[in-house]
Each structure stands twice: as structure tokens, then as C-alpha cells.
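The values are calculated or read from the model by the stated rules, or taken from the named source; none is laboratory data. Please read these numbers as outputs of a predicted model, since none were measured by experiment. Cβ coordinates were reconstructed from backbone atoms using ideal geometry, including for glycine residues, and neighbour counts include every protein chain displayed. Heavy atoms of the whole protein, side chains included, go into the accessibility calculation; ligands, DNA and RNA do not. Shrake-Rupley method; radii C 1.70, N 1.55, O 1.52, S 1.80 Å.
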Amino acid sequence: VSAAASAAFAPGRVNLIGDHTDYTGGWVLPLAIEQGTTVRLAPGGDTVRLRSADEPGEAVVPVGRPDPAAATGWARYVAGCVAEAAPTTGAAGSVSTTLPIGAGLSSSAALEVALILALGHTGGPLELARAAQRAEQRASGVPCGLMDQLASAAGVDGAALLIDCTSDEFRPVPIPDGCEIRVVHSGQSRTLAGSAYAERRAQCEAAARLIGPLRQAGLDDAGAIGDPAIQRRARHVISENARVLAAADRLTVGDLAAVGELMKRSHASLRDDFEVSSPALDGLVEQLSGRPGVFGARLTGAGFGGCVVALTEPGALDVGWAVRAGAGAHRLG
Ligand code: GLA
């Protein structure tokens, strides 16, 4: 921790297309949004002590012994970040967010990225994202991929990020004029996400042991897998990777109808092959997709509840929040 007070902002994200592909070295197309989390710290003491404007309690984490298992609630994430950032002295301050918490817009990634940055991280966006991903894994026990933290750390104003999760290279894909991105909550909180997420990831690893890296596999390789559940998981990942690349290509030329069609197919694949949707999400996607001016809609993020993302003509929907692609994490003041 530097001797001076420090502050940092990190955004949440919404994923346009490419879910449950990041941890298999696949492709994703998320965007950082304008809403996010701000952490302000003043150095001193031998604990990292944070108050939240949005959640009860105070997180107090000893600098030398940060133990996420000993913490509860959002303090676990603070402990995960302190373990990663390993500051030599303590700090005290506040955290506030403009994100809805636990809605599937990566409020936890925003907290991690902002806090690790405020604690004095000196690397680039990729190193920052990797530290925040490890903090998330320590705190939640969920073996998440890099998408959320990298979108938050590296976001580009006005653009989605096409991320290659084999090399972790990324490039901006500008969001064309004449469309709106809306996020609509299903009303269902994501309770079972942790254990089912780990199970899906293990199934993808089982598929890769049979047919090699899913990134390089084809649908005929998936078809040769004997276990029907493992076969479906592989089919989702392989087809989703192709949809992400096609969507990035179509977005670049402003073919919004084609992007919307790919989003609908992504949802069907997450529902039928990856089995991470829910009746609430399916109903919402169907309802929104049928409205005039809607190009497409799909669940976004891990699934099992949370949000739907819709691509629409401007003003087509009056539910949920319109989001804009915003810049990635940065220091303040
Ligand atoms: C969560 C994880 C990400 C990614 C998505 C599903 O948001 O944190 O790494 O795996 O689920 O695409």
C-alpha cells in the first residue's frame, strides 16, 4: 500500500454472448458497463478495514493473515483480495457501488478489481484480472474463469471485448449505433450456482480428456462421446465458441439481426445442452424475444437465475436497465 490515500473504480459487466466457454479456453464477448464499484482507502494500521454504503457490517481483515474462510458475507471477498494483494501495511476506507448486488452483473468482480487496484496493484489489466479471479476463487470456492474480472479490468468505452481465453488476448469490438443493450432480471437469485458451476466445469474437463481441448474440437468429435450428459456439455461449448466468433463478426458490420439470432441460439444451447437455465429465465427470454424491435435475448453469466441480456432497437423495451459499454477499471483522483 502506498503512503498516500488511494481510490479506484471498477465496472460490472454484462456478457453479450459466450457463456461457460471461458474456463475451457474458449471465446467470450462481454462488455464492461458504466455502473460499478468505488473503493477509497487511507493507509494505516495492520488491518484492511472497509465499510460498505450498500451492505451491512464492516470487513476487517488482518494484513498478515487474510483468511476468507474466517470471514462472512462480503468480507470474504475483501479477505480474498488482501490475500492476493498482500499489502505490507493496513488501510481503512469505504466501498460503494452503483451495481445491483448479486444480480449477475459481476458486482463481486467489480469489488475485487477495485479493491486490488486501490491496494496498490502495479501490473497491467491482465495481471489485475488474474489476481481478482484468484481472489474470487479463494472467497467463493467457485472455480470461475477469467471473463468477469478481465471485462472489468480491461473494458473499453463503447465496445465489447472479444477475449480469447486460451491466450487471454483481447480486442475491442465496437457496439454499433442504432441498438440498445438491456439487462432484465429474472427475479430469481442465483442460489445453486456454486456447486452446479463446479460440476459443469468438471464435465467439460471430462469431455476434454476424451476429445482434446474443446476449443479445437468439432461437433462430430462431441458426437462421438458416449456419456450423453458429457456429450451435451461439449456440444454447447463447441457450438458457443463458433457463435461468439460469428457474433463479433456480425457486430463489426452492424448486422444486428444476425447477432440477435446467435443470442437466441446461445440461450437454447445453454438451456438444452448445458442445462444452466431455469423456467424463469426461459420464460423471460421467450417473452422479450417476441417483442417488436428485439433482435435477440439470452441468459447472461453463469445461469441458474440472474439476468437476461437483450439486444434491441433503441427504446424497444421498457423493462430492466439500458446499459452502455463503459471503460475498464482505473484509479481515481
Ligand atoms: C461466471 C464466471 C465466469 C464465467 C460465467 C459463465 O460469471 O465467473 O468466469 O464462467 O459464469 O460464462
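Okay, here's what the table says:
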| read-out | value |
| --- | --- |
| Residue within the range 165-184 that is within 15 Å of Gly301 (Cβ to Cβ) and of a type in the set (Gly, Ala, Ser) present | no |
| Which numbered condition Arg190 fails, given (1) basic (Lys, Arg); (2) part of a strand (DSSP E or B); (3) under 30 Å from Ile101 (Cβ atoms) | (2) |
| Looking only at the range 80-111, and only at residues there that are under 23 Å from Trp321 (Cα atoms) and without any contact (Cβ under 8 Å) to a residue 60 or more places away in the chain, the one that is farthest from the ligand (Cβ to nearest atom) | Ser96 |
| Pick from the range 206-221, criterion without any contact (Cβ under 8 Å) to a residue 24 or more places away in the chain and charged (D, E, K, R), ranking: least open to solvent (accessible area, probe 1.4 Å) | Asp221 |
| Among (1) open to solvent by 10 Å² or more (accessible area, probe 1.4 Å); (2) free of Cβ contacts under 8 Å to residues at least 60 places away in the same chain, the one test that Gly187 misses | (2) |
| Residue match in the range 260-273 (condition: acidic (Asp, Glu), free of Cβ contacts under 8 Å to residues at least 24 places away in the same chain and over 18 Å from Gly104 (Cα atoms)) | no |
| Looking only at the range 240-257, and only at residues there that are under 14 Å from Val28 (Cβ atoms) and not aliphatic (A, V, I, L, M), the one that is surrounded by the most Cβ atoms within 10 Å (Cβ to Cβ) | Glu240 |
| Among (1) touching a residue at least 60 places away in the same chain (Cβ under 8 Å); (2) under 18 Å from Asp22 (Cα atoms), the one test that Gly254 misses | (2) |
| Scan of the range 257-299 for residues that are among the basic types (Lys, Arg) and farther than 20 Å from Ala247 by Cα, ordered by number | Arg291 |
| Checklist (1) more than 13 Å from the chain's Cα centre (by Cα); (2) away from the ligand (no atom under 14 Å from the Cβ) applied to Ser140, failing item | (2) |
| Residue within the range 40-53 that is among the aliphatic types (A, V, I, L, M) and within 14 Å of the ligand (Cβ to nearest atom) present | no |
| So Gln287, is it out of contact with any Ser or Thr (no Cβ under 9 Å at 6 or more places or on another chain) and under 20 Å from Tyr23 (Cβ atoms) | no |
| Extreme residue, nearest to the ligand (Cβ to nearest atom), among residues of the range 147-174 that are part of a loop (DSSP other than H, G, I, E, B) and surrounded by fewer than 23 Cβ atoms within 10 Å (Cβ to Cβ) | Cys165 |
| Failed criterion for Ser195 (all others in (1) open to solvent by 20 Å² or more (accessible area, probe 1.4 Å); (2) part of a helix (DSSP H, G or I); (3) touching a Phe, Trp or Tyr at 6+ places or on another chain (Cβ under 7 Å) hold) | (3) |
| Enumeration of residues in the range 276-328 that are under 20 Å from Gln188 (Cβ atoms), surrounded by fewer than 16 Cβ atoms within 10 Å (Cβ to Cβ) and acidic (Asp, Glu) | Glu286 |
| Failed item, numbered, when Ala224 is tested on (1) modelled with pLDDT of 95 or more; (2) surrounded by fewer than 21 Cβ atoms within 10 Å (Cβ to Cβ); (3) under 22 Å from the mean Cα position of the chain (by Cα); (4) not basic (Lys, Arg) | (3) |
| Selection within the range 136-146 - assigned to a loop (DSSP other than H, G, I, E, B) and open to solvent by 20 Å² or more (accessible area, probe 1.4 Å) | Gly141, Val142, Pro143 |
| Enumerated strands (runs of 3 or more DSSP E) restricted to the range 266-333, each holding at least 3 residues that are modelled with pLDDT of 95 or more and β-branched (Val, Ile, Thr) | 307-312 |
| Odd one out for Pro125, checked against (1) within 15 Å of the ligand (Cβ to nearest atom); (2) in contact (Cβ under 8 Å) with a residue 60 or more places away in the chain | (1) |
